[in-house]
Each structure stands twice: as C-alpha cells, then as structure tokens.
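Colleague: Just passing along the structure, written as structure tokens.
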Amino acid sequence: MMDIIQNLLNEKRSELLEPLVQQAGFSGDEASSFLPPAIAHIGQTLTGGGLDLGALLGGGGDPSAALEQLDVSAVAQEAGVAPAKAQSGLQAILPVALSFAKEKLGAGGLDGLLGGEEAGGAASALGGLASKLFK
C-alpha cells in the first residue's frame, strides 16, 4: 500500500518541488534532495494506520495531525538539511500531497478501501484501490 502512495507522490514530483522552493525557501538542489526521504516518510505515515485518512482526504481532518506523526529528524538527516528546514518543507508539501491522494482516491480515501478487507478480503481492497488509482 505504501508503494502506491509513494508512486503517486513520485508522479507529482515536479508539483511538489514548487512549494518547497517558493514557500519553504529551499534551493532547487535542496528540494530535489529533500523529496525522496520526504515522500518515503509521508507514505509511511499515511499508510501506518494512526490517522483518520477518510477525514484527512475528505477535507474534514487537520493536516497537522499527519505532520505530528512524521519523523521530522529522520527526514532532515536523510535529506541533509536542518530539522527546522525539514519541518518547513514538510509543512509546505503535506497539503499538496494530501490533495493528490484525494484526487486519486476520493474522499473515502484509503480507509474506505481498507474497510473492504473485512468483507471481501485484501484482494478486493487492493482491486478497489487500483481501479481508483488507474482510471
């Protein structure tokens, strides 16, 4: 599941670079180095089960809840930037990343699809996710 989120964010890489440069004050090189670990950690956070994705993707949730669960120090260390800069970068791209996920997955988000596991098994949940991602 995390791979699907990471692939989605990687597809939108150029659109994630813009807020890093314009809002968070990253240079182009810093932004390019920052995105891979940021995308990986955002993917882990969104698929880790500790968030109400339905609310986040439906617009009713607070993106800062996702930000609080991100390991900012790890992202900073992997990207080679100061923790404060990593925090600023994550604040800039997290709303953009969530809007991409909402576009692809709809307001029900991953929660609605994962709910299908109880009724129809993991295969139906993944099939539902794939149909939303690749329509």
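Colleague: Pairs only if they're at least six apart or on different chains, beta carbon under 9 angstrom, first in the stretch 94-109 and of a type in the set (Ser, Thr, Tyr), second at pLDDT below 65; list them, first residue then second.
Modeller: Within 9 Å, the pairs are Ser99/Leu57.
Colleague: I would also like to ask the following. Between residues in the stretch 67-93 that are farther than 12 Å from Phe26 by Cα and buried (at least 21 other Cβ atoms within 10 Å of the Cβ) and residues that are at pLDDT below 95 and among the basic types (Lys, Arg), which pairs lie under 6 Å by C-beta distance while being six or more apart or on different chains?
Modeller: As it stands, the answer is none, since no pair meets every condition given.
Colleague: Keeping to the stretch 26-59, report how many residues are over 16 Å from Val96 (Cβ atoms), assigned to a loop (DSSP other than H, G, I, E, B) and modelled with pLDDT of 90 or more.
Modeller: Counting residues in the stretch 26-59 that are over 16 Å from Val96 (Cβ atoms), assigned to a loop (DSSP other than H, G, I, E, B) and modelled with pLDDT of 90 or more gives 1.
The values are calculated or read from the model by the stated rules, or taken from the named source; none is laboratory data. Predicted model only: the values in this text are computed from it and were never measured. Methodologically, a virtual Cβ is constructed for each residue, glycine included, from the backbone with ideal geometry; neighbour enumeration extends over all protein chains shown.
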